[in-house]
């Protein structure tokens, strides 16, 4: 176990930049005093904020760069002008060089993914990375992936996602054989995208030993916690995540206005405010902020672009946990084992994975 | 305006069949006494239930058939053994022959869609049908389509969906120029599926006169009510819908358990129960039950397979409204107009629609 957890923080990412990211780091540091920070970005923007956060300042080193990736850059543009010198690149490079244990950025997802692949490279056997996140469910939490790293997925990639997601579940939830479902528009074998049905057929026939394949699940199964790991292609996964966030926001808004309508409802609200506090905490998207990039030779956490300081702290916490509990090494081992079996069994079943 | 609204009801569809569908029809009849029903299905199952519902019985005619489509039939199977004689087919056929104004079924979506296409045929200019539904939002309601009629969609189909959805919005919401958004995983023009970006480019450049194209929207924009019409391909649309339903269910469940925790929260609940009733009604999926099949020469409403009597009544209500306000004719006209413009402008813009 490492002595200190060294976090490389892209201080320029996201909609708010250093003014929100550094206070977020300060919150995370309170929770985990055994953390050190490398702060990458424009020192003229970082230092004034850091001067107001003496505790964080004492545990940080600022590495200046003028170059920051913009939120609307195409990945190819970002690579062209941001490679070697942008705050995002330098944070990833610190992980590559072993100067940091994890990189955290709230920057443009496409650019962060492109730079992560370019700099850290993929784990052997994985062709495309994935973004996985924890999704609060009625039973606790599930892992959902991919949430937008790749658009479209063939059956081989879906099987890779099952291997990566189940490895993450094994270490995070401490379950030897996590349950896995493929997200589809019906539980019947005859429905849905061809590649999803094909992945389902292969998983059913090969019956992998490292996870328990439970068949197709539907959108409402995610929140029910029907399986530990929900596997989907990145376009649908991203839309499902945001539709769920939107619905949670919408219900909160309805509830607030309904509770404010009469003296009785307002009094009821006061009496029950601890319950509303619990609900707010359960559904607070800031608490589950932080997508984990899977499949890379290094830990990269993507914080939400619009995250506030509390949300940023959650993303940093997730990075901290991944390092502290050596998840990367365990995931790498599990993935290698799963992939080996998946490849062998797929070959036996007709060679649908390459 | 027709004298009576004549509803052809597949009494065998759904998870519960006649025992739930007929009580649902009875509820709908109370709300709209100017309704008549043709009930298709096994009279040995229908008649005993109908005997307990004398009001419905007086306004119904039972058409016996032994054949019912199973919930897990493939569309091709259903067509093979259910054409000409199943309760689903006969309900659609009544619409085709002009004996009924609308068909309502809670049966297998794929089979209902296949039979609808085969029997009623598509409106000229539309290649593939769509399922549209009303989605409750913070601003009121939006129309979301497609929710699963077709898997995958090229740019031409997405533009058709925009035309059909905006036509439905124009008549249902009484807005001359509804706002339309394309569902994507980011609002930037560089993100997302190729065909979604291409549809966006064409709509932006051609700027259709009958709706107001607002660009890309994300999953959380649906519940915000950012646009009147959200256009998406059926796989992602279906998953978004069910993820949102699952989240609503999940929040309701958290809230119930939180309100039950201490004497203060329980008392608060009692005082504020009118607020919870309001919330329950706002989010009750039964109230917005009923997908409308668009693009066909006839009105077909798909009720949810698991709907209870109240949900069934909502689906029948939606069919009633579609007939009573002559939405089909208006939608047909609008679609023809939109398609004409879309085709012309797309040709000018490079011929991406055929």
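Restricting attention to region B:50-85, and to residues there that are touching a helix residue (DSSP H, G or I) at 6+ places or on another chain (Cβ under 7 Å), in a helix (DSSP H, G or I) and touching a residue at least 24 places away in the same chain (Cβ under 8 Å), which single residue is surrounded by the most Cβ atoms within 10 Å (Cβ to Cβ)?
Checking each candidate, the answer is B:82.
Of the residues that sit in region B:1-28 and are surrounded by fewer than 24 Cβ atoms within 10 Å (Cβ to Cβ) and under 18 Å from residue B:95 (Cβ atoms), which one is modelled with the lowest pLDDT?
Out of the qualifying residues, it is B:1.
Taking the condition away from every other protein chain (no Cβ under 14 Å) and in contact with a helix residue (DSSP H, G or I) (Cβ under 7 Å, 6 or more places away or on another chain), does residue B:255 pass? Show your work before the answer.
On the way: away from every other protein chain (no Cβ under 14 Å): no; in contact with a helix residue (DSSP H, G or I) (Cβ under 7 Å, 6 or more places away or on another chain): yes.
The answer is no for residue B:255.
Could we say that residue A:203 is facing chain B (nearest Cβ under 9 Å) and in contact with a strand residue (DSSP E or B) (Cβ under 6 Å, 6 or more places away or on another chain) here? Give the derivation first.
Working: facing chain B (nearest Cβ under 9 Å): no; in contact with a strand residue (DSSP E or B) (Cβ under 6 Å, 6 or more places away or on another chain): yes.
When the stated conditions are applied, residue A:203 does not pass them.
Being on the phi < 0 side of the Ramachandran plot and modelled with pLDDT of 95 or more, is that true of even one residue in region A:73-81? So that I can check it myself, show each step before the final result.
Keep residues of region A:73-81 that are on the phi < 0 side of the Ramachandran plot, which gives A:73-81.
Filter once more, keeping what is modelled with pLDDT of 95 or more: none.
Looking for residues that are on the phi < 0 side of the Ramachandran plot and modelled with pLDDT of 95 or more, one finds none in region A:73-81, hence no.
Taking the condition of being touching a strand residue (DSSP E or B) at 6+ places or on another chain (Cβ under 9 Å) and either in a loop (DSSP other than H, G, I, E, B) or closer than 20 Å to residue A:102 by Cβ (or both), how many residues in region A:25-49 meet it? Quick ask: steps written out before the conclusion?
Taking region A:25-49 as the starting set, the residues that turn out to be touching a strand residue (DSSP E or B) at 6+ places or on another chain (Cβ under 9 Å) are A:25, A:28-29, A:32, A:34-44, A:46-47.
Checking the rest, the ones that are also either in a loop (DSSP other than H, G, I, E, B) or closer than 20 Å to residue A:102 by Cβ (or both) come to A:25, A:28-29, A:32, A:34-42, A:46.
So the count comes out to 14.
Name the single residue that is nearest to the other protein chains (Cβ to nearest Cβ) among those in region B:121-155 being in a loop (DSSP other than H, G, I, E, B) and within 16 Å of residue B:175 (Cβ to Cβ). Don't jump to the end; show me each part of the working.
Initially, region B:121-155 is screened for residues in a loop (DSSP other than H, G, I, E, B), giving B:121, B:123-129, B:137-140, B:146-154.
Next cut, within 16 Å of residue B:175 (Cβ to Cβ) only: B:137, B:139-140.
Details: B:137: 7, B:139: 10, B:140: 12 Å.
That would be B:137.
Identify all residues within region A:170-200 that are over 23 Å from residue B:153 (Cβ atoms) and in contact (Cβ under 8 Å) with a residue 60 or more places away in the chain; write none if there are none.
A:170, A:171, A:172
The conditions are (1) part of a helix (DSSP H, G or I); (2) within 18 Å of residue A:179 (Cα to Cα); (3) over 17 Å from the mean Cα position of the chain (by Cα), and residue A:277 fails exactly one of them. Which is it?
The number of the failed condition is (2).
Which condition does residue A:272 not pass, out of (1) at pLDDT below 80; (2) at the interface with chain B (Cβ under 7 Å from one of its Cβ atoms); (3) under 21 Å from the mean Cα position of the chain (by Cα), if it passes all the others?
Unmet for residue A:272, out of (1) at pLDDT below 80; (2) at the interface with chain B (Cβ under 7 Å from one of its Cβ atoms); (3) under 21 Å from the mean Cα position of the chain (by Cα): (3).
Any residue in region A:89-108 that is part of a helix (DSSP H, G or I), at pLDDT below 95 and either over 24 Å from residue A:36 (Cα atoms) or out of contact with any helix residue (DSSP H, G or I) (no Cβ under 6 Å at 6 or more places or on another chain) (or both)?
So the first thing to find is which residues in region A:89-108 are part of a helix (DSSP H, G or I), and the list is A:89-96.
Of the ones still in play, those that are also at pLDDT below 95 are none.
No, because not a single residue in region A:89-108 is part of a helix (DSSP H, G or I), at pLDDT below 95 and either over 24 Å from residue A:36 (Cα atoms) or out of contact with any helix residue (DSSP H, G or I) (no Cβ under 6 Å at 6 or more places or on another chain) (or both).
Quick check: anything in region B:290-301 modelled with pLDDT under 80, over 23 Å from the mean Cα position of the chain (by Cα) and more than 7 Å from chain A (Cβ to nearest Cβ)? Write out each step before concluding.
Here is the first cut: in region B:290-301, the residues modelled with pLDDT under 80 are B:290.
With the extra rule that they be over 23 Å from the mean Cα position of the chain (by Cα), the set shrinks to none.
No: region B:290-301 contains no residue that is modelled with pLDDT under 80, over 23 Å from the mean Cα position of the chain (by Cα) and more than 7 Å from chain A (Cβ to nearest Cβ).
Tell me, yes or no, whether region B:174-193 has at least one residue that is within 24 Å of residue B:137 (Cα to Cα) and under 17 Å from the mean Cα position of the chain (by Cα).
No, because not a single residue in region B:174-193 is within 24 Å of residue B:137 (Cα to Cα) and under 17 Å from the mean Cα position of the chain (by Cα).
Please specify each residue of region B:152-192 satisfying the condition of being at pLDDT below 85 and closer than 15 Å to residue B:236 by Cα.
Passing the criteria: B:152, B:186, B:192.
Search region A:201-242 for residues being without any contact (Cβ under 8 Å) to a residue 12 or more places away in the chain and more than 15 Å from residue A:162 (Cα to Cα), and hand back the single one that is surrounded by the fewest Cβ atoms within 10 Å (Cβ to Cβ).
Looking at the filtered set, the residue picked out is A:220.
The values are calculated or read from the model by the stated rules, or taken from the named source; none is laboratory data. The structure displayed is predicted, hence computed values, not measured ones. Glycine gets a Cβ as well: all are built from the backbone with ideal geometry, and neighbour counts include every protein chain shown.
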